[in-house]
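Before any comments, here is the structure.
Just so it is clear, none of the values below were taken in a lab; they were calculated from the coordinates. Computed from a prediction, not measured in an experiment: that's the story for all the values here. Positions of Cβ are backbone-derived with ideal geometry, glycine not excepted, and every protein chain shown enters the neighbour counts.
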Amino acid sequence: MKVAIIGSGVSGLSAASRLLERNNCSTIDVYEAASKSGGRISSFNWQLKNNEEFPCDTGQHFSIGAYKNFIELLERCDALKYWTRHSFEWNLLKLRENEIQKLLHFKISEIKFFKKVLLPYIKFIKVPTKFFFLKFYFSIFLLRTKLFNANALCELYDKFYFSDVSLDLFWNAFAENSMNTEYENADLNTLSFLVNECMKDIPGCIDILLPKSDYYSCAISPIEKNLRSNGVNFFFNSLIENIQPSRRLKYRGMLSQSYDKIVLAVPGYTASKIWMRSGFSTTKESLQWENQKYRHILNLWVIAHPIANESKDNKHKSTCFSWNPIEFNGSFYVVVIQKSRERPNLLSIIKSACNNDNLVNEEKNLMDFASLFLQARYAIRLEDCEYKLIRAKRATIACTADQGKNSALWSGIETGISGIFKCSDEASLNFPSTIEGAVKSGYLAAESI
Ligand SMILES: Cc1cc2nc3c(=O)[nH]c(=O)nc-3n(C[C@H](O)[C@H](O)[C@H](O)COP(=O)(O)OP(=O)(O)OC[C@H]3O[C@@H](n4cnc5c(N)ncnc54)[C@H](O)[C@@H]3O)c2cc1C
């Protein structure tokens, strides 16, 4: 069987990998519009003022312990050795006791219970117990979700199960960051699914996996190398214009050989363009690709040497990572601080869930926030640091409650035409648009062939 895969992002590479495992293809050809693999996971060499080259990702990507398929893929391609694993550091433990009480504001009776049973214990909280605490909080949250059958995350707030503090300290930023959707529009079921995945094997599931340099060198390149060595062919700079009725692909004015099966490993909006140019009639799937809503992500990278002294606890660790949600002028930022022996200390300030209409203002607000944050926290000026703002347009689909309600979020791997499949991060059920979703969808598409 001859198979063509259009797109060499994580989903296309995963599809090729699973096809190889199944060993029923004589040809696996991957066509990629760009000059290298990776798609939205792309990296660049940041030329620093001292002429050093700093390999860096175009956006801050988080992979977590719950990404079982992605981790297994790295392992199979002998790439896990390029990764480090960190326990999730969140600023909850820096809260004062009255803030913790507000955070646990569910119901009077429950507060009493917390006061009596948990709060004395929380004072002496150590690393493993904070995960127990998180798990407990998430379980209650999930239970409430089931009882009230809400669609949107913000409906829970109306029912008094989120306190203002918990919103400011966690849920707002968590929803925006994990689902690329503003809190007011976030789909509760997607969030519940994610939280559930993160609870399965606490604390391992919320471990953060970081590449020792960048995602391209530590994941994409080894996966591609593994595929090539097993006979997969790559055609770069080969934008597919359309699929011909004979199942040939048109690219660079040429026609490919004819394939038995074709996998569109591209996001929905790209798939719908190829669909139109191929003259295929509209299917319910292609309609869905057209209607999916996307959001942009802003990411400001800052190289700041003084952050080496960020925390006394972390002073002696060779690497560390912390996730800090902070509200500024009505926008939620996640500040990620990474310290590593191998690289300069790196700080990223992320603003997820941006729309076209608010992008310019968000960008300005982010820069103001970054200046103030660096000044207040480290007494350094942004202008004195090396920094780079990256705008990722249409970074992922937004997991909005209205799309969730209409079962319009996940497109699935069918296309409505037999022999043509679709994968990408918005194709596999329930997982927000993520690396893990992309890998799962690639596997599913390959298994259907
Ligand atoms: C800034 C940013 C931050 C993110 N943060 C996280 C995170 O923290 N954690 C997480 O899990 N996920 C994160 N994501 C999402 C994650 O990057 C994506 O879910 C994943 O990379 C999607 O992979 P994919 O293969 O589905 O699609 P893509 O990576 O988009 O791959 C599609 C490929 O198809 C190619 N292509 C398109 N059209 C054609 C054509 N006509 N012919 C040939 N080739 C074509 C493209 O060039 C591309 O290489 C982030 C994304 C961005 C942009």
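Some values worked out for this structure:
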read-out: Phi-based couplings in Hz for the range 279-294 (Karplus 6.51, -1.76, 1.60; Gly and Pro marked x); value: x, 6, 6, 5, 10, 5, 5, 5, 5, 5, 4, 5, 8, 5, 9, 10
read-out: For the range 218-286 versus the range 9-24, the gap between their alpha-carbon centres in whole angstrom; value: 14 Å
read-out: Burial ranking of peptide ranges 273-280, 387-394 (average Cβ count within 10 Å, highest at the top); value: 273-280, 387-394
read-out: The range 354-424, Cα convex hull volume normalised per residue, Å³; value: 150 Å³
read-out: Orientation-averaged projected area, Cα convex hull of the range 153-284 (nm²); value: 13.1 nm²
read-out: Residues of type aspartates and glutamates that LYS405 reaches as a straight line, Cα spacing below 18 Å, ignoring anything fewer than 8 places off in the same chain; value: GLU155, GLU182, GLU184, ASP187, GLU285, GLU290, GLU426
read-out: Out-of-range pairs (alpha-carbon distance over 25 Å; input LYS273/LYS422; LYS250/LYS393; LYS293/LYS388; LYS49/LYS339; LYS393/LYS440); value: LYS250/LYS393; LYS293/LYS388
